[in-house]
Amino acid sequence: GVRAASQGNAGDAARAFQAALRADSRAYPAAYNLGVLADRAGNTNDALDWYRRSLRMQGDYERAAEGMVTIYLRRGSVPDALAFIEPLARRNATNLALQALYADVLVRAERYDDAWDAARRALRCDERYVPALKALVKASLRQGRSEMASSILDQALSIDDSDAELHFIKGSMLRSEPGHLRDSMTQFERAIQLRPDYTEARMALGVQLLAGGRYAEALTHFQAAASLAPTLVPVHLNLADAYRATKQWEKAKSEFDRVLRMDGNNAQAHFNMGLMYLSAGADFPGLDALTALQKSKQEFTTYRNLMGPRLPRNDPSEAYLSDLDRQIERTQRRLERDQARAQRNAERAARAAEGGTE
């Protein structure tokens, strides 16, 4: 099952894991992996059910616990994640992985002192336990203690340089430092090399590649991210933008439409569609130049309406709309001139035909 899943054959993988459960009703890794497959397919409720089933078989199975926490956090529900992991961690005080996971969720809940306590409990058992060190790095960053975060991160990397998340965190920290963009990208690349299914690292690297004009490379990472996390709106928004940058207009529109089906009030999707129609013009399938400009104006207007009071004072949409008004007016005048010219030519041709007949 694991081999089939690694080769992208979800159907064979699911059948193998189901067979494992039939052979051993307490095969908790099989139930966990069925949860992973369900999550990748976008069936998060099914994934949660499989993770719970795995935990019923093995009460302190940290991978199933992490799967559940990941889904809760992805949904933006920190209270649900905390309500789940807190009693589990307290029941299994000797499971260092659960203590580190608990500390991580406490950081998300902004209970920083409790997060430090939970991580330190794990470190008292093993001072080189990297997941607990990672939780302290995250707590330090949230508290604005960047020097401490950097020191703990370097300590963790010296213990385990093959931890993908450590490289992702390092890349994220370097990204905010002037002159370290290339170093940041190198860290994201390392994270993906270590864990090809690392959606967040692919997204971070893709965004930087897109900003640097390396559109085809960015597109590859966003496509992979979309297959790994099909329910995440930012994944599809970035994928749409990569299609727009590579002038794959219909695919871009399809992804923007998917974003709006998932989040009907996503203002950024309308802004990016405004850019798409503006860039594509008459090259957009089924549109002429004037219609494309009008659609662009409509999208930027919708964006501004959705933003409302959140709209920044110097938002670029205002300049785009002013330019679009001028372009639409020029295009309409040109079309009117072309139409008038065509009509005069037709009338002259008709008169010439009549004269020839006489």
Taking the simple approach of a point 7 Å from Cα along Cα-to-Cβ for both Arg56 and Glu177, what is their distance in nm?
-> 4.9
Under the Karplus relation 6.51 cos²θ - 1.76 cosθ + 1.60, θ = phi - 60°, what is the ordered set of whole-Hz ³J(HN,Hα) values for the range 273-281, x standing for Gly and Pro?
-> 5, x, 5, 4, 5, 5, 6, 6, x
Compute the length gained on full extension between Ser25 and Asp80: take 0.36 nm times their separation in residues and subtract their Cα-Cα distance, giving the result in nm to one decimal.
-> 17.0 nm
Correct choice for Rg/Rh (Cα atoms, Kirkwood Rh) that was computed from the model, options (1) 1.14; (2) 1.03; (3) 0.96 | (1)
Treat every Asp and Glu Cβ in the chain as -1 and every Lys and Arg Cβ as +1, leave all other atoms uncharged, and give the resulting dipole magnitude about the Cα centre to the nearest 20 debye.
-> 340
Picking from Tyr51, Ser25, Asn9, whose Cα lies most toward the positive end of the charge dipole for the range 9-53 (charges on Cβ: Lys, Arg +1; Asp, Glu -1)?
-> Ser25
When the helix-only estimate is applied to the chain (DSSP H runs of n ≥ 4, each -39,500 (n - 2.57), divided by the residue count), what is the mean residue ellipticity at 222 nm, nearest 500 deg cm²/dmol?
-> -25500 deg cm²/dmol
When the Karplus curve 6.51 cos²θ - 1.76 cosθ + 1.60 is applied with θ = phi - 60°, which whole-Hz ³J(HN,Hα) does each residue of the range 105-121 get, with x for Gly and Pro?
-> 5, 4, 4, 4, 7, 6, 9, 5, 4, 5, 5, 4, 4, 5, 5, 5, 4
Can you find, among Thr186, Leu174, Ala211, the residue farthest towards the positive end of the dipole of the range 162-224? Put +1 on the C-beta of Lys and Arg, -1 on that of Asp and Glu.
-> Ala211
Nearest 10 degrees, 0 to 90: what angle lies between the long axis of helix 78-91 and the longest principal axis of the chain (Cα atoms)?
-> 20
How do 145-155, 93-103, 176-186 rank on mean C-beta neighbours within 10 Å, highest first?
-> 93-103, 145-155, 176-186
Pick out, from His221, Ala38, Thr199, the residue whose Cα sits farthest towards the positive end of the charge dipole of the chain, with +1 on the Cβ of Lys and Arg and -1 on the Cβ of Asp and Glu.
-> Ala38
Roughly how many nanometres apart are two label points built 7 Å out from the Cα toward the Cβ at Arg120 and Asp263?
-> 3.8
Could you work out how far helix 130-142 tilts from the main Cα principal axis of the chain, as a 0 to 90 degree angle to the nearest 10?
-> 50
What order do you get for 268-276, 340-348 when each peptide is scored by the mean count of other beta carbon atoms within 10 Å, highest first?
-> 268-276, 340-348
Any idea of the accessible area per residue across the chain, 1.4 Å probe, to the nearest Å²?
-> 53
Carbon and sulfur atoms: what percent of the 1.4 Å accessible area of the range 17-84 do they account for?
-> 43
So, by mean Cβ neighbours within 10 angstrom, what's the order for 295-304, 254-263 with the highest one leading?
-> 295-304, 254-263
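The values are calculated or read from the model by the stated rules, or taken from the named source; none is laboratory data. Being a predicted model, the structure only gives us computed values, none of them experimental. Ideal geometry is used to build each Cβ from the backbone, glycine not excepted, and the neighbour counts take in all protein chains shown. All accessible areas refer to the heavy atoms of the entire protein, side chains included, with ligands and DNA or RNA removed. Shrake-Rupley method; radii C 1.70, N 1.55, O 1.52, S 1.80 Å.
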